[in-house]
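So the structure is just underneath, and the comments pick up after that.
The values are calculated or read from the model by the stated rules, or taken from the named source; none is laboratory data. This structure is a prediction, so every number in the text was calculated from the model and none was measured. A quick note on method: Cβ atoms are made from the backbone with ideal geometry, for glycine too, and the neighbour counts reach across all protein chains shown. Accessible surface areas use protein heavy atoms only, side chains included; no ligands, DNA or RNA. Shrake-Rupley method; radii C 1.70, N 1.55, O 1.52, S 1.80 Å.
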Amino acid sequence: MKSVWISWILLAVVFIFIVLHAFVITDMTKDILKYVDETKAAVSSESWDEASEAMERVKSRWESGGVWAELTIRADRLDDIKISLDRSEVLLSERDKTAFLSEFTRFELLVDDIPDNEGLEFLK
């Protein structure tokens, strides 16, 4: 009987982790996409200071939620997101509007795809 209780407790812990993780990832993605929209709007209107502030919010939110993301996102996908964010930051500092919007749109698509593709993979 003891093993049944242990199994139920472990199952509950796993379920709680899954629900918590889904909530955190969805919330992080929503916040980042909101800041992405603000950044793109500022760049489109060539408000570079405003765009830099919005980009800082994007980067800050990504870094604060990155621990949760690193738990379940494949390493190659995670690297793509980080590289795209770094490239976008460089292009923003260079004030290259067209190249920035292109790269930042790639970042946006990668982040928007996280809730659909994140999960625990034991075998692949």
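Rounded to the nearest 20 debye, what is the charge dipole size of the stretch 1-95 about its Cα centre when +1 sits on each Lys and Arg Cβ and -1 on each Asp and Glu Cβ? The partial results should precede the final answer.
On the way: 12 positive and 17 negative charges, 132 e Å.
So the dipole magnitude of the stretch 1-95 works out to roughly 640 debye.
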*asked:* With every protein chain kept in place and ligands, DNA and RNA left out, what is the accessible area per residue of the chain? Probe 1.4 Å, answer in Å².
replied: 64
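Helix-only mean residue ellipticity at 222 nm, the chain, DSSP H runs n ≥ 4 weighted -39,500 (n - 2.57), per residue, nearest 500. What is it? Walk me through the numbers on the way to the answer.
On the way: 5 runs with 107 residues, N = 124.
That comes out to -30000 deg cm²/dmol.
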*Counting GluC sites (Glu not before Pro) as exposed when in a DSSP loop with at most 12 other beta carbons within 10 Å, what is the longest stretch of the chain free of them?*
47-93
*Go through LEU20, ALA41, ALA51 and say which Cα lies farthest out towards the positive end of the charge dipole of the stretch 1-73; charges sit on Cβ, +1 for Lys and Arg, -1 for Asp and Glu.*
LEU20
*Among the lysines, which have Cα under 21 Å from the Cα of LYS59 when same-chain residues fewer than 8 positions away are ignored?*
LYS30, LYS34, LYS40, LYS82, LYS97
*Between (i) 101; (ii) 153; (iii) 93, which matches volume of the Cα convex hull per residue in Å³ calculated for the structure shown?*
(iii)
*Roughly to the nearest percent, how much of the accessible area of the chain is carbon and sulfur, given a 1.4 Å probe?*
59
